[in-house]
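Here is the structure we will look at.
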Amino acid sequence: MTTDQPSTGAMLSAWWHRTFVDLARQMQWSYLPPLMVYFAAGVSGLTSVVGAFFLKDYLNLSASFVAGLAFWAGLPWILKMPLGHIVDLFWRWKSLLILLGATLITLSLLTMYGLVAFPGHMADVIPLEHWYIIALLLAPSGYAIQDVVADAMTVEAVPKINPDGQPFSPEETRAQHTTMQTLGRIAIISGFAAVAAVNIWVFSGTEGMQKSDRLALYGNVYLIALVIPLLSVSGVVLHSLIQRQRLRLGHPPHTPDETTEVKWPILLGGLAFVVLSIVLGTSNFQLAQETIFAVSLSVILYLMSRLVKELNLNQAKALIGTAIIIFVFRAVPLPGPGLTWFEIDELGFDEQFLAILALLTSLLALVGLIVLRPFMANRSIAQVVIILTIASGVLALPNLALYYGVHEWTSAHTGGIVDARFIAILDTAVESPLGQIAMVPMLAWIARNAPVHLKATFFAVMASFTNMALSASSLATKYLNQIFVVSRAVTDPETGVVSSIADYGQLGHLLIAVAVISVIVPLAVVFFVQKSPFQTSD
């Protein structure tokens, strides 16, 4: 007896090929150089654990101030607008931009090494907190410069013709761009996973280590991290070699059909933004962050209005609707550093366990991106955001459970199995694939529709708009941390004097507020956008 229904084995085989085999087949050597730059960005997570512990134990900065620092650290990503246009104008010299970014990253790492290895000497020059702020601003400046070049390299990495010399169809081109952007996220997450594994190894057997020895270990981590700029520089060198090889094989160069004209509003606007940020950032103006946010958002919206004229009307409306949805989804507040401090002080999470969580997050995000790639290809961005928003609301519950001591009850009734660490690992296992998903369809859309002669500019302006959402998130996080104040114990690394005491009494209210806002606001925005002329089905 025959049936038209496919067998379970055939369905699994088809899923395996669609999810994994097809992705492997679409991988090309030309994709490797930008992936190396992205991988270097992922490897930047090597210092996240030691940075979090050094900040918590030795720097007397409040949770709201640290959340505000995240705003300043996000400003270089907003400057992707003028940087992207500079890349378009001087594309032949992109290696110099990568080198500049690598130099800034190196300076940031050496500054942090000096902080943990020679805090007394550093404090003689300026306070340790000031050195930390300088290092915090140098690193994202370098990564933003490199990311602009890598974004444009992804467009150039996708070939125009197949091995037979025929141009690819629009469907094939769309699949290749989606694959390229997916591989970009995979490269970043792979970097996270690699450094998480290194951190687990570095911090094994450090439970009883003295503080002086622990600081020396932190310093070694920052020295190891100097491999990051070396990776990105190697990527752009390899890109140049591959492009020359493709030209020798007869492939057409991925060059614009027309000369890229200087967009003075973009360059001068970017320069004005830098000057404004420096003036307000070094002043005592109370609303400096809010002023810079309002001005930069206005500038970006103006530049977007100019760029969308390069698209047809339907594309422009879809892009506006898509950008609004992604912006709000990324702009929701986070708990801030207080949650990590609570996990360290009250739950006993040490450096090695946080590294294990980071490794688990990275590996599962990697698998999630690959497994969910067909899902992203067959769903609109609005649908993806709805699902992710609901999931984020559900996944806020474990942190609340840990704060209110549910793990004590579960541990007592399971023989100590379901304790705080078990719940943290379970929450991480479910949550980790979700954070990287929403941006892939957006990046693929830009890669497919951006005019060739403005590829880096288009990428940069749209990325700056979505990165503004992270600045909005930092501001919202700061406001919530000013309402719900969380503090931790701080000890001077030289004198051993305690300058602050721990108080996590309001952390529960903070976590509840974050969860409610993160669910209600994005769902409401998706509903209104999809009922407007800017609805998106892409």
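Less than 5 angstrom separates the built amide H of PHE349 from those of ILE344, all sequence-distant by 5 or more or on a different chain. The HN-Hα couplings worked out from phi for the range 32-49 by the Karplus form 6.51 cos²θ - 1.76 cosθ + 1.60 (θ = phi - 60°) are 5, x, x, 5, 5, 5, 5, 4, 4, 5, x, 5, 4, x, 4, 9, 5, 5 Hz, whole numbers, x standing for Gly and Pro. Residues in the range 225-239 carry Karplus couplings, in order, of 5, 5, 5, 4, x, 5, 4, 5, 5, 4, x, 6, 5, 5, 4 Hz; the curve used is 6.51 cos²θ - 1.76 cosθ + 1.60 with θ = phi - 60°, and Gly or Pro positions show x. Evaluating 6.51 cos²θ - 1.76 cosθ + 1.60 at θ = phi - 60° for every residue in the range 519-533, the Karplus couplings come out as 9, 5, 5, x, 5, 5, 5, 4, 4, 5, 5, 6, 9, 9, x Hz, glycine and proline recorded as x.
Just so you know, the averaged projected area of the alpha carbon convex hull for the range 376-422 sits at 4.4 nm². Near ALA52: Cβ cut-off under 12 Å, other residues only, Lys/Arg at +1 and Asp/Glu at -1. The net charge is -2. With the simple spin-label model, which puts each label point 7 Å out from Cα in the Cβ direction, the ALA10 to LEU100 separation comes to 5.8 nm.
No value in this document is a laboratory result; all are computed from the given coordinates. Predicted model only: the values in this text are computed from it and were never measured. A quick note on method: Cβ atoms are made from the backbone with ideal geometry, for glycine too, and the neighbour counts reach across all protein chains shown.
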